[in-house]
Structures are given as structure tokens and as C-alpha cells.
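Here is the structure we will look at, set down as C-alpha cells.
What follows is calculated from the coordinates using simple rules that are stated; it is not laboratory data. What you are looking at is a predicted structure, and each value in this text was computed from that prediction instead of being measured. Every residue, glycine among them, receives a Cβ derived from its backbone with ideal geometry; neighbour counts consider all protein chains shown.
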Amino acid sequence: FGLGRTYVAQDSLDKGLEFLFEAREADPNNSKIYKSMGDAYAKQKVLVLAIDNYSKAVEIEPGWLEVHFTMGKLLFKERRVNDALAAYKKAVEIDPNNAEAHFEVGNLYYLAKRPLEALPELEKFVSLQPNSYQGQFILAKSQYATRKLPEAVASAERAYKIDPSIDALELLAKLYFDSRDSTSLRKSVDAYAKLSQNNGYQFESDDYLK
């Protein structure tokens, strides 16, 4: 097994799998063997076999957080969104303070147009990683989708403070408009116009506000 894992780590994948097959025959209940085989197939981009071997690894060792998380990524690539969600939720169950797992669960709920279910996961994520632009931005969009305007404004403002991007400004402009905050709307549109012009786009804030 050790030799097979070493070959896989060195990207000698066919050689590594050869040794891992032998190891599996000798020790069919060793979770680490299945995990290494999953790693090899993932590197070969044979995702179906990678997922199958990772699944066997966590059948034997259910509390292996890393494998559940890796499965979530591969299942999402395979467009098996519900299965990916289940894998990430298992990771959260194993480690309730795993920020990345909370983000992935929340983001998948948001992408599936289930913002109410996304909110608690994203709120937990930003409590663990408050300086994440992506976390604050997706949280703001989920809050906006559920018409929590004051909370959405606060999250979007935090996102903009972390990264003053065009996307954040666009979201802020929508939120200020819906909140009837004309002063903040004017400031955000002016900032958007300046940022757009700096990037080579012609944009007049007065035209936008008409």
C-alpha cells in the first residue's frame, strides 16, 4: 500500500494503481487504500471511479472529513448537485466549525435558488471568516433574494470594503435603489462610473440615474 500511495503522489498513476489493487486484495477493509485509489482516479479525471472509491473509504471510516469534502467537489463537477450537497453537509456534521464546508453548502443552496436554506450556512461561514469577499457577497445576494434589505446592504457593504469590485457596486446600487436610499445610490453609481471608466468603459452616472 505504501508504495502504491507513493507512486500516486508522484503522479505515476498506473504504477500506483497496480500496487493499490494488490493491497486491496490483501486488505479489502482498509479505508486508506480506497482513498489513495480515489486520489489516483481523480488525477486521471476518471471522476466516476474516484467517487466510487472515496465512497468506499467513508463507508469504512465515516468520520473522514477530507474525503467527504473532496467527494463534494467531484460530485458537483459531475452535476450531481444533491449528492454534492449531502457530502458537504456530512462534512459540516463532522466539523461544525469547518468554514469551507459551510460555504459550499450555502453556495449550493443559493445556486439551487434556495436562499432561505443558504442563509444560516453563509452566516456561519462569515462568522468564521469575516474577511471573505465571496462569503459576504453571496450572503448579501441570498439576503436580497429573501428581501432582507438592511441585512443585505450591510453584507454588500462589507464585501465592497474587502474588494471594491464592479460586481459589489452593482449589487449595492440595486440594494440602495430598493431601499430608497438616494444619497448612497448616487455615491455607488458615481463610484461605478469611475471604476468603469478606469477599465476602459464609457459610463455616465447621470444616464444611469435618469
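Would you mind counting up the charge near residue 126? Only other residues with Cβ under 12 Å from its Cβ, with Lys and Arg at +1 and Asp and Glu at -1. Don't skip to the answer; put the middle values down first.
Numbers: positive: 124, 158; negative: 121, 123, 151.
Net of charged neighbours comes to -1.
Under 22 Å Cα to Cα from residue 56, which lysines show up? Leave out anything in the same chain fewer than 8 places away.
15, 32, 35, 43, 45, 73, 77, 89, 90
Suppose the chain between residue 163 and residue 11 were pulled fully straight at 0.36 nm per residue; how much longer would it get relative to their current alpha carbon spacing? Numbers along the way, then the final one.
On the way: separation 152, 0.36 × 152 = 54.72 nm, distance 3.70 nm.
Fully extending the segment from residue 163 to residue 11 adds 51.0 nm.
Suppose we look only past 33 Å in the calculated P(r) of the chain. What percent of the Cα-Cα pairs does that tail hold?
Values: 7833 of 21945 pairs.
Roughly 36 percent, once rounded to a whole number.
If the convex hull of the alpha-carbon atoms of segment 1-101 is projected onto planes in all directions, what is the mean projected area in square nanometres? Please list the in-between numbers first.
Working: hull surface 24.1 nm².
So the Cα hull casts an average projection of 6.0 nm².
Which distance in nm do the two modelled labels at residue 179 and residue 129 give, with both placed 7 Å along the Cα-to-Cβ direction?
Result: 2.5 nm between the two label points.
If the reach is capped at under 17 angstrom between alpha carbons, list the aspartates and glutamates near residue 161, excluding any in the same chain fewer than eight residues apart.
Candidates past the 8-residue exclusion: 151, 170, 190.
How big is the Cα convex hull of segment 144-200 in projection, averaged over all directions, in nm²? Let's see the in-between values first.
Numbers: hull surface 14.6 nm².
Hull-based average projected area comes out at 3.6 nm².
Rounding to the nearest 10 and keeping the result within 0 to 90°, find how far the Cα-based axis of helix 99-111 lies from the longest principal axis of the chain.
60 degrees
In segment 38-159, with Lys and Arg counted as +1 and Asp and Glu as -1 at Cβ, which of these residues, 58, 112, 70, has the Cα nearest the positive end of the dipole, that is, farthest along it?
Checking the options against the dipole of segment 38-159, the answer is 112.
Report the convex hull volume per residue for segment 102-170, counting only C-alpha atoms, in Å³.
On the way: hull volume 4.9 nm³, N = 69.
Convex hull volume per residue, Cα atoms: 71 Å³.
For residue 117 and residue 18 in the same chain, what is the full-extension length gain: residue separation times 0.36 nm, less their Cα-Cα distance, in nm? Show your work: numbers first, answer last.
Details: separation 99, 0.36 × 99 = 35.64 nm, distance 4.41 nm.
Gain in length upon complete extension: 31.2 nm.
Working from Cα positions, state the angle (0 to 90°, nearest 10) between the long axis of helix 13-26 and the longest principal axis of the chain.
60 degrees
Rounded to the nearest 0.05, what FRET efficiency is calculated for residue 100 and residue 146 with R0 set to 22 Å and r the Cβ-Cβ distance?
On the way: r = 23 Å, r/R0 = 1.06.
Efficiency computed from Cβ-Cβ geometry: 0.40.
What number, rounded to the nearest 500 deg cm²/dmol, is the helix-based mean residue ellipticity at 222 nm of the chain, given -39500 (n - 2.57) per DSSP H run of at least four residues and division by all its residues? Please report the intermediate quantities before stating the final value.
Numbers: 13 runs with 165 residues, N = 210.
The helix-only estimate for the chain comes to -25000 deg cm²/dmol at 222 nm.
Pairs of Cα atoms under 8 Å, at least six residues apart: use those to get the relative contact order of segment 16-78, whole percent.
Numbers: 56 pairs, mean separation 17.6, N = 63.
The value is 28 percent.
Which of the lysines could be linked to residue 148 by a straight reach, that is with a Cα gap under 16 Å, when you skip same-chain ones fewer than 8 residues away?
Answer for residue 148, where 16 Å is the Cα cut-off: 113, 174, listed by chain and number.
Report, to the nearest 10°, how far helix 47-60 tilts away from the longest principal axis of the Cα atoms in the chain, using its own Cα long axis and a range of 0 to 90°.
The two axes meet at around 70 degrees.
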